[in-house]
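Written below as structure tokens is the structure these notes are about.
What follows draws every value from the coordinates through simple rules; no lab data is involved. Everything quoted here is computed from the prediction, not taken from an experiment. For neighbour counting, all protein chains shown are included, and Cβ atoms are generated from backbone atoms with ideal geometry for every residue, glycine included.
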Amino acid sequence: MTENEKKDILIQLLKQELTKEALPQNFRDILSKTLQVLSHQEKDLDKLRQERDKLRKESEHFENKSLQLTNYVKAAEDNYNALSKLYKVEHTKTLDQQEQIIQCQTRLKELVEEQTARELVIRQQIEHMKQLSDERFEKQREEYTKSANKQAMGRRNIEEKLMHKDAELNDLKKRLQDLETRFNHMEAQKQEKVNEADFYKKENSQLKLLVAYLQPQQLQAQNQTHIQTLPQPPHNPRY
């Protein structure tokens with residue numbers, strides 16, 4: 001039997017004794033005071049029990065909050081470490097891409113210079129061939145005309161030779177047209193390389209902006225605590 005049960009039985013016995021009419025007054029007063037004292041003690045004990053339960057609940061609540069904060073700090077630290085690793089990887093990729101862009105720009109410059117040199121040679125060849133073809137055709141036409149006049153060649157033979165020379169001229173013109181087609185194709189390749197250079201310039205600018213954006217964030221994260229780098233946990237109400 002517990003102490004509380006014993007006290008309850010004692011209180012019930014005292015109440016029963018007080019109901020007896022034959023109980024002397026002085027003894028009745030003593031029993032009444034005793035009953036009052038026991039009742040007050042019981043109320044105090046109930047109050048203490050309530051305070052104890054309340055303190056136990058608060059203790060459990062704060063233990064849970066402490067565990068939550070510990071987990072929160074651990075998660076924040078893990079997130080920071082992951083972010084730091086991600087930044088290092090992205091920074092390395094950015095440096096590699098910048099190096100590739102520089103190499104591409106250098107190669108593009110070399111290709112443009114080679115293309116320009118080839119274009120100059122082709123232009124010179126085209127002009128030279130045009131000049132030679134015109135001079136050759138006119139010279140041969142004059143020679144055959146003179147020869148025909150001197151030898152009194154028939155009109156038909158002259159026309160056949162002229163037609164043959166016209167065919168040679170057409171062949172030369174076709175060759176010139178082929179050269180011009182090649183030249184136009186090289187011009188298109190040159191424009192494509194220029195467009196590629198513009199693309200790499202734009203990409204390089206974007207990479208520079210990304211590096212400029214990530215570097216201050218890393219410096220700020222290194223100068224602050226792990227908790228300050230993340231949103232503050234919710235406010236804990238007091239009980």
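Model label sites at THR106 and ALA82, defined 7 Å from Cα along the beta-carbon direction, differ in position by 3.9 nm.
Each residue of region 100-109 was assigned a 3J(HN,Hα) from its phi angle through the Karplus curve 6.51 cos²θ - 1.76 cosθ + 1.60 (θ = phi - 60°); the sequence is 5, 5, 4, 5, 5, 5, 5, 5, 4, 4 Hz, with glycine and proline shown as x.
Mind scanning LYS15/LYS54; LYS146/LYS174; LYS130/LYS174 and naming the pairs with a C-alpha gap bigger than 21 Å? In this structure, LYS15/LYS54; LYS146/LYS174 lie more than 21 Å apart at Cα.
The charge dipole of region 1-130, taken about the Cα centre with unit charges on the Cβ atoms of Lys, Arg (+1) and Asp, Glu (-1), comes to about 240 debye, rounded to the nearest 20.
For the pair LEU45 and ILE9, a Förster radius of 22 Å applied to the C-beta separation gives a FRET efficiency near 0.90, rounded to the nearest 0.05. For region 193-199, backbone phi angles converted through the Karplus equation (6.51, -1.76, 1.60; θ = phi - 60°) give residue-by-residue couplings of 5, 5, 4, 5, 4, 4, 4 Hz, Gly and Pro being listed as x.
Distance between the pseudo-spin-label points of THR70 and LEU162 (7 Å out from Cα toward the beta carbon): 11.1 nm. When the listed pairs LYS88/LYS193; LYS85/LYS202; LYS109/LYS208; LYS109/LYS173 are checked against a 29 Å cut-off, the alpha-carbon distance exceeds it for LYS88/LYS193; LYS109/LYS173.
How high is the FRET efficiency from ALA117 to LYS202, r the C-beta distance, R0 30 Å, rounded to 0.05?
0.60
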